[in-house]
1. For the range 12-30, which positions are closer than 24 Å to R57 by Cβ and in a strand (DSSP E or B)?
2. Only residues in the range 57-68 that are among the small types (G, A, S) count as the first member; pair them with residues that are open to solvent by less than 80 Å² (accessible area, probe 1.4 Å) and at pLDDT 90 or above, Cβ under 8 angstrom, at least 6 apart or cross-chain, and list the lot.
3. Please verify whether the range 33-45 includes one or more residues that are more than 15 Å from the chain's Cα centre (by Cα) and either surrounded by 13 or more Cβ atoms within 10 Å (Cβ to Cβ) or on the phi > 0 side of the Ramachandran plot (or both).
4. Might you let me know whether the range 4-13 holds any residue that is more than 16 Å from F105 (Cβ to Cβ), open to solvent by less than 50 Å² (accessible area, probe 1.4 Å), of a type in the set (G, A, S) and touching a helix residue (DSSP H, G or I) at 6+ places or on another chain (Cβ under 6 Å)?
5. Just name the residue that is surrounded by the most Cβ atoms within 10 Å (Cβ to Cβ) out of those in the range 56-91 that are assigned to a strand (DSSP E or B) and acidic (D, E).
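The values are calculated or read from the model by the stated rules, or taken from the named source; none is laboratory data. Here the structure is a predicted model, which means the values were calculated and not measured. Every residue, glycine among them, receives a Cβ derived from its backbone with ideal geometry; neighbour counts consider all protein chains shown. Note: areas computed on protein heavy atoms with side chains; ligands, DNA, RNA excluded. Shrake-Rupley method; radii C 1.70, N 1.55, O 1.52, S 1.80 Å.
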Amino acid sequence: MTYSGRCACGAVCYTIASAPIRGFQCQCSDCQRDTGSGHSSIFVFARSAVAVTGEVREIERTAVSGAVKRKGFCPNCGSPIYNKPDEKPDLIGIYVGTLDDASTFEPSVARADMPGITSIPRFPNSRMAPGIALISCRLGESQWR
């Protein structure tokens, strides 16, 4: 399976020549900051399968868990493209919103990694999609496993 995607302005494009290793939704404060929303949706791939064209600017940030990550984004429009965890140099997280076709995204996990949060609130009468585990990470755990 091949994937492709781009930033909002089209200056950064990518192709991925493999199936994703996993998909997840993360509600940690780091991912909220990356997307400007309540969570991020991420597909994890082998870095060797991802080819990026166009200028990507990277910043280094330390997550609440202590993990160091390199966030890649388009310097023209600011779209977040990827997340490279230093502790997992063979993996890259691609933000699902940048895919040309995100219809195959099926998260296996919804995660939170916020100090003091031990569970994720659910809305009355809401249902989780089948097969999704709802868990709360504690400091030091990793969503990349």
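1. C13, Y14, T15, I16, C26
2. A63/K69; A67/P85; A67/D86
3. Filtering the range 33-45 for residues more than 15 Å from the chain's Cα centre (by Cα) gives none.
No: zero hits.
4. Within the range 4-13, not a single residue is more than 16 Å from F105 (Cβ to Cβ), open to solvent by less than 50 Å² (accessible area, probe 1.4 Å), of a type in the set (G, A, S) and touching a helix residue (DSSP H, G or I) at 6+ places or on another chain (Cβ under 6 Å).
5. Let us first name the residues in the range 56-91 that are assigned to a strand (DSSP E or B), namely 57-62, 68-73, 80-85, 91.
Now drop any that are not acidic (D, E), which leaves 58, 60.
Values: E58: 12, E60: 10.
Result: E58.
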